[in-house]
Amino acid sequence: MAGNLLKTSSLSVRTKLLHQTGLSLYNTSHGFHEEDLKKKLQQFPGGSVDLQKEDSGIGILTLNNPSKMNAFSGVMMLQLLEKVIELENWTEGKGLIVRGAKNTFSSGSDLNAVKALATPEDGMTLCMFMQNTLTRLMRLPLISVALIQGRALGGGAEVTTACDFRLMTADGEIRFVHREMGIVPSWGGGARLVELLGARQALKVLSGALPLDAARALSLGMVEEVLGASDEAGCLQEARAWLGQFTQGPPQVIRALKRSVSSGRELCLEEALQMEKELVGTVWGGPANREAIARKGKFNK
């Protein structure tokens with residue numbers, strides 16, 4: 001009896017974390033005081049994180065700090081969370097492209113902020129903040145793709161792993177430079193890289209600080225395709241077309257499909273099946289389902 005109660009409680013917590021908007025991995029019970037960190041991050045301005053929501057249901061999230069290779073200032077870290085929250089509440093959204101301005105993805109954290117947050121306690125607090133943000137990005141009910149032009153280094157490389165897919169230009173590079181900085185990935189990129197590449201390859205990439213050019217990234221399965229275009233506008237057009245293959249249909253169906261896959265990835269089988277049942281209830285007998293049945297009925301006559 002007690003075992004069943006504990007199991008039910010555990011199922012409930014994990015399912016809420018995965019599917020309820022606004023919930024994060026860490027809170028005050030973990031010693032995480034988000035408002036205190038936000039005040040510190042606000043002291044380091046520079047750049048912006050911009051969001052464009054298109055009528056097609058595709059969002060374009062741009063890391064915009066080109067003078068520093070789109071490195072994350074403290075303010076940009078705060079803005080990234082704000083944009084993720086906005087996307088969580090965008091019910092018409094179906095897909096998301098994450099990119100950097102001016103033909104560069106991101107070089108990670110702005111060193112000015114890093115130097116000011118130098119204690120182990122500061123590092124762990126920032127780690128919890130960015131893990132929260134990127135986990136919420138990963139769990140968005142939008143099919144997401146990182147558009148990697150130029151270099152994605154350190155924290156920038158970690159951001160790419162929070163997307164469902166990655167596209168890369170021929171001259172692009174992904175590199176987890178954490179070893180050279182005397183640290184380990186701290187935004188969840190290490191754990192996500194294991195899921196993407198497997199433990200052996202992830203260990204090689206991390207411990208060797210290996211530069212993943214387009215050919216190597218493609219062979220490892222890190223990226224889906226190498227783009228033909230190299231200019232900013234051409235790459236974005238290619239990324240839209242690629243993502244469009246997977247976002248055709250009503251938002252409620254695409255979003256339910258993404259949630260179903262997220263459940264299968266993060267939950268045990270029993271929990272994932274329960275979530276699938278709940279998702280079926282949101283689309284079965286809905287407008288898209290009724291229209292498809294009527295259309296197929298016409299073809300069968």
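May I ask for the net charge around G154, where only other residues with Cβ less than 15 Å from the Cβ of G154 are counted and Lys, Arg are +1 while Asp, Glu are -1?
Here the charged neighbours net out to +2.
Return the aspartates and glutamates within reach of K68: Cα separation strictly under 14 angstrom, same-chain partners fewer than 8 residues apart disregarded; answer none if there are no such residues.
Of all the aspartates and glutamates, those that pass the test against K68 - Cα under 14 Å, at least 8 places apart if same chain - are D110.
With every protein chain left in place and a probe of 1.4 Å, what is the accessible surface of L117, to the nearest 10 Å²?
For L117, the solvent-accessible surface is approximately 20 Å².
Which shape class applies to the range 20-85: rounded if a/c is under 1.5, otherwise prolate when a/b exceeds b/c and oblate if not, where a ≥ b ≥ c are the square roots of the Cα gyration tensor eigenvalues?
Values: a/c = 3.18, a/b = 1.23, b/c = 2.58.
Oblate.
Could you grab the relative contact order for the chain? Cα pairs under 8 Å, six or more apart, rounded to a whole percent.
Details: 489 pairs, mean separation 46.4, N = 301.
Relative contact order comes out at 15 percent.
How high is the relative contact order of the range 154-205, in percent, with contacts defined as C-alpha pairs under 8 Å that are six or more residues apart?
On the way: 38 pairs, mean separation 22.7, N = 52.
Computed over the range 154-205, the figure is 44 percent.
If amide hydrogens are placed 1.01 Å from N in the peptide plane, which non-local residues have theirs closer than 5 Å to the one on S73?
D110
Order L212, L279, L203, most accessible first, counting only protein heavy atoms with a 1.4 angstrom probe. The partial results should precede the final answer.
Values: L212 0, L279 20, L203 115 Å².
I get L203, L279, L212, largest accessible area first.
In the range 32-123, what percentage of the DSSP-assigned beta bridges are antiparallel, given to the nearest 5? Could you put the intermediate results ahead of the total?
Details: 6 of 13 bridges.
Of the beta bridges lying entirely in the range 32-123, close to 45 percent run antiparallel.
If the limit is 28 Å between Cα atoms, which of K38/K94; K83/K296; K39/K115; K40/K94; K204/K258 go over it? Each step should come with its number before you reach the end.
Details: K38/K94 30 Å; K83/K296 40 Å; K39/K115 16 Å; K40/K94 34 Å; K204/K258 30 Å.
Checking Cα-Cα distances, K38/K94; K83/K296; K40/K94; K204/K258 exceed 28 Å.
For the chain, what is the percent of antiparallel DSSP beta bridges, rounded to the nearest 5?
Working: 8 of 29 bridges.
DSSP beta bridges in the chain are roughly 30 percent antiparallel.
Residues with amide H under 5 Å of S144's amide H, sequence separation 5 or more or different chain, H placed in the peptide plane at 1.01 Å from N; which?
When sequence neighbours closer than 5 places are left aside, the close amide H contacts are L96, D164, F165.
What's the carbon and sulfur percent of the range 144-301's accessible surface, probe 1.4 angstrom, rounded to a whole number? Don't skip to the end; give the middle numbers.
Numbers: 4710 of 8060 Å².
The nonpolar share, carbon plus sulfur, comes to 58 percent.
Going from most exposed to least, what order do D171, D231, D110 have by accessible area with a 1.4 Å probe?
On the way: D171 110, D231 80, D110 15 Å².
In descending accessible area the options line up as D171, D231, D110.
Give the accessible surface of the chain per residue, rounded to a whole number of Å², with probe radius 1.4 Å and ligands, DNA and RNA excluded.
Details: 14850 Å² over 301 residues.
With all protein chains present, the chain gives 49 Å² per residue.
Mind ranking R240, R295, R166 by accessible surface for me, highest first, 1.4 Å probe? Don't skip to the answer; put the middle values down first.
Numbers: R240 85, R295 110, R166 5 Å².
Descending order: R295, R240, R166.
Considering only the other residues whose Cβ falls under 11 Å of the Cβ of Q131, what net charge follows from Lys and Arg at +1 and Asp and Glu at -1? Kindly include the intermediate steps, with their values, before the conclusion.
Numbers: positive: R136, R192; negative: E158.
My count for the surroundings of Q131 gives +1.
Could you tell me the ratio Rg/Rh of the range 209-262? Both radii from Cα atoms, Rh via Kirkwood.
Radius of gyration over Kirkwood radius for the range 209-262 works out to 1.09.
May I ask for the distance between the Cα centers of the range 240-301 and the range 96-142, given as a whole number of Å?
Centre-to-centre distance over Cα atoms comes out at 31 Å.
Relative contact order, percent, of the range 34-113 when contacts are C-alpha pairs under 8 Å separated by at least 6 residues? Walk me through the numbers before you get to the answer.
Working: 141 pairs, mean separation 29.7, N = 80.
37 percent.
Which whole-Hz ³J(HN,Hα) couplings does the range 171-180 yield from phi under the Karplus relation 6.51 cos²θ - 1.76 cosθ + 1.60, θ = phi - 60°, glycine and proline marked x?
Here the 3J(HN,Hα) series is 9, x, 8, 10, 8, 8, 8, 4, 4, 5 Hz.
The values are calculated or read from the model by the stated rules, or taken from the named source; none is laboratory data. These numbers were taken from a predicted model, which means no experiment stands behind them. Here the Cβ is made from the backbone with ideal geometry for all residues, glycine too, and neighbour counts use every protein chain on show. Quick note on the areas: whole protein, heavy atoms, side chains included, nothing else; ligands and nucleic acids left out. Shrake-Rupley method; radii C 1.70, N 1.55, O 1.52, S 1.80 Å.
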